[in-house]
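Undergrad: Attaching a single structure in structure tokens format; questions to follow.
The values are calculated or read from the model by the stated rules, or taken from the named source; none is laboratory data. Every value quoted in this text rests on a predicted model; they were computed, and no experiment measured them. Positions of Cβ are backbone-derived with ideal geometry, glycine not excepted, and every protein chain shown enters the neighbour counts. Note: areas computed on protein heavy atoms with side chains; ligands, DNA, RNA excluded. Shrake-Rupley method; radii C 1.70, N 1.55, O 1.52, S 1.80 Å.
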Amino acid sequence: MLHAWLVEDLPGGRVRILAQETQIGRPAAELARQIPNPMLNGHQAWLDGLVRAASGGLSA
């Protein structure tokens with residue numbers, strides 16, 4: 001798996017995050033079949049953590 005992230009500073013205190021990833025290979029295929037999808041949940045947890053950090057709540 002490969003990931004690329006682009007984080008853009010936008011006007012009005014906003015941020016845009018663009019992500020590109022490849023999910024090639026047996027481990028990625030196995031993750032994609034799981035419900036709930038750990039890849040999607042992991043990305044959401046990462047984004048939620050970014051929001052907490054940006055809001056001043058740096059604890060996990």
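Undergrad: Need the failing condition index for LEU50 against (1) surrounded by 11 or more Cβ atoms within 10 Å (Cβ to Cβ); (2) free of Cβ contacts under 8 Å to residues at least 24 places away in the same chain, just the number.
TA: All conditions pass for LEU50, except number (2).
Undergrad: Still on this structure, please answer the following. Please state which of the following conditions GLY25 fails to meet, knowing it meets all the rest: (1) open to solvent by 50 Å² or more (accessible area, probe 1.4 Å); (2) in contact (Cβ under 8 Å) with a residue 24 or more places away in the chain.
TA: Evaluating GLY25 over (1) open to solvent by 50 Å² or more (accessible area, probe 1.4 Å); (2) in contact (Cβ under 8 Å) with a residue 24 or more places away in the chain leaves (1) as the failure.
Undergrad: Looking only at segment 13-44, how many residues end up being acidic (Asp, Glu) and farther than 30 Å from GLY56 by Cβ? Quick ask: steps written out before the conclusion?
TA: Of segment 13-44, the ones acidic (Asp, Glu) are 21, 30.
Next, from what is left, pick out any that are farther than 30 Å from GLY56 by Cβ: 30.
Number of matching residues: 1.
Undergrad: Would you mind telling me which numbered condition in (1) loosely packed, with under 11 Cβ neighbours inside 10 Å; (2) touching a Ser or Thr at 6+ places or on another chain (Cβ under 8 Å) MET1 fails?
TA: It is condition (1) that MET1 fails.
Undergrad: Sticking with this structure for a sec: I need the full set of residues from segment 4-22 which are surrounded by 10 or more Cβ atoms within 10 Å (Cβ to Cβ) and under 19 Å from ASP48 (Cβ atoms), in order please. Talk me through it step by step, then tell me what you get.
TA: The initial filter retains those residues of segment 4-22 that are surrounded by 10 or more Cβ atoms within 10 Å (Cβ to Cβ), namely 5, 7, 15, 17, 19, 21-22.
If the condition is that a residue be surrounded by 10 or more Cβ atoms within 10 Å (Cβ to Cβ) and under 19 Å from ASP48 (Cβ atoms), then TRP5, VAL7, VAL15, ILE17, ALA19, GLU21 are the ones that fit.
Undergrad: Considering only segment 28-44, how many residues are exposed (fewer than 11 other Cβ atoms within 10 Å of the Cβ), outside any helix (DSSP H, G or I) and at pLDDT below 90?
TA: The number of residues fulfilling the criteria is 0.
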